[in-house]
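The structure appears below as structure tokens.
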Amino acid sequence: MSVTDPERLREIVEEICDAMTAETERGRVADYIPQLADVDPDQFALALVLPDGAVIAGGDADTRFSIQSVSKVFALAVALGRVGDALWNRVGREPSGDPFNSIVQLEHERGIPRNPFINAGAIAVTDAILARSEPREALGQILQFVRFLAGDDDIAIDPAVAKSETASGWRNAALANFMRDFGTIQRHPDKVLGTYFHQCAIAMTARQLAHAGRFLAFDGSLSPGGSRAIAPRMARQINALMLTCGHYDGSGEFAFRVGLPGKSGVGGGILAVAPGRAAIACWSPGLNAVGNSHLASIALEMLADRTGWSVF
Ligand code: DON
């Protein structure tokens, strides 16, 4: 049984928002990017966009947050649009089973990251976009694509977050330099990292993020039968990668508990996809032990349970 009645969905969203607001165990806000350490952990948002474009939102759905690794989904779509399947010569499609910022597999696997969602893979994807553009132009393309998907021009990069990560992103610098030596990335690591940090610093609200996720819920289009953003085949492939790799070493657990393709970010956001039913954005800044939002993971488990939206 799958819930489609908007009134029932509204009740479910309200129930989840109430439960999550009352929760006292909220996880730990990311502090390895200093600018994110100051975000108030007492925030929670849930937003759904349905096939007819109706939005059901609750909590702090109009508060902007740093989407961080959720941006990797949009960058992947841009890179695939530009270089097509050639992208897979430098990035794999397997879960890593390791933390998002791990370097260990790179040495044994010819400098090829396991998938486009761990940091090494996302840096390689950004380098692919830079093959034909300078950083400013590449960022403009990613941002324009996100604005188009969201149907909203009021989305921007937070320069303070980008600067904060540029000043502290030593681990990512190690990954980029290591991959540059293997030839996985071709541009200068500083250029690739600067672009990657700015892409991660895109700030948007849960309402905007849910809109931006419609293309994955509706077969590559912004609504069923509506404007095409990417090919249906590509949307299916991105969803498959989100399901298997979107939560790093927590991907199996998320698939087991929620059963939806999802992509998390250390800003506490999760973009989840209920194919044909809804694009979903959930946000709460406190993270669990593997760097995914603690409350957003619980909330999405409740949502999948109450709606019957699991893909399984
Ligand atoms: O590269 C980083 O470490 C961050 N800009 C993004 C990492 C991230 O969001 C991991 N997600 N849960």
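The values are calculated or read from the model by the stated rules, or taken from the named source; none is laboratory data. Predicted model only: the values in this text are computed from it and were never measured. Here Cβ is always computed from backbone atoms with ideal geometry, including for glycine, and neighbour counts include all displayed protein chains.
Quick notes
- Matching entry among LEU76, LEU106 (being crowded, with 16+ Cβ neighbours inside 10 Å and under 20 Å from the mean Cα position of the chain (by Cα)): LEU76
- Here LEU48, LEU80, LEU76 are screened, and the one residue that is in the same structural domain as LYS163 (by TED's automatic domain parsing) and more than 16 Å from the ligand (Cβ to nearest atom) is LEU80.
- Here the helices (runs of 4 or more DSSP H) wholly within region 127-190 that include at least 3 residues being within 17 Å of the chain's Cα centre (by Cα) are 135-150.
- Qualifying residue in region 190-202 (condition: away from the ligand (no atom under 15 Å from the Cβ), of a type in the set (D, E, K, R), in contact with a strand residue (DSSP E or B) (Cβ under 8 Å, 6 or more places away or on another chain) and modelled with pLDDT of 95 or more): no
- Remark: SER227 falls outside the filter, which requires a residue to be crowded, with 19+ Cβ neighbours inside 10 Å, in contact with a strand residue (DSSP E or B) (Cβ under 9 Å, 6 or more places away or on another chain) and not assigned by TED's automatic domain parsing to the domain that holds VAL146.
- Taken together, ALA255, ALA278, ALA296 contain a single residue that is more than 19 Å from ARG26 (Cβ to Cβ), buried (at least 24 other Cβ atoms within 10 Å of the Cβ), touching a helix residue (DSSP H, G or I) at 6+ places or on another chain (Cβ under 9 Å) and in the same structural domain as ALA212 (by TED's automatic domain parsing), which is ALA278.
- Each residue in region 84-118 was checked for being under 20 Å from GLY250 (Cβ atoms), assigned to a loop (DSSP other than H, G, I, E, B) and not hydrophobic (A, V, I, L, M, F, W, C), and 14 pass.
- Odd one out for ARG90, checked against (1) surrounded by fewer than 19 Cβ atoms within 10 Å (Cβ to Cβ); (2) of a type in the set (Lys, Arg); (3) more than 30 Å from GLY226 (Cα to Cα): (1)
- Any pair with Cβ under 7 angstrom, 6 or more apart, that starts in region 200-222 at a residue that is assigned to a loop (DSSP other than H, G, I, E, B) and ends at one that is of a type in the set (Phe, Trp, Tyr): LEU222/PHE215
- Tally, over region 3-45, of residues that are touching a residue at least 12 places away in the same chain (Cβ under 8 Å) and either within 16 Å of the ligand (Cβ to nearest atom) or in a loop (DSSP other than H, G, I, E, B) (or both): 20
- Yes/no for SER264 being within 16 Å of the ligand (Cβ to nearest atom), touching a His at 6+ places or on another chain (Cβ under 6 Å) and under 23 Å from ASP31 (Cα atoms): yes
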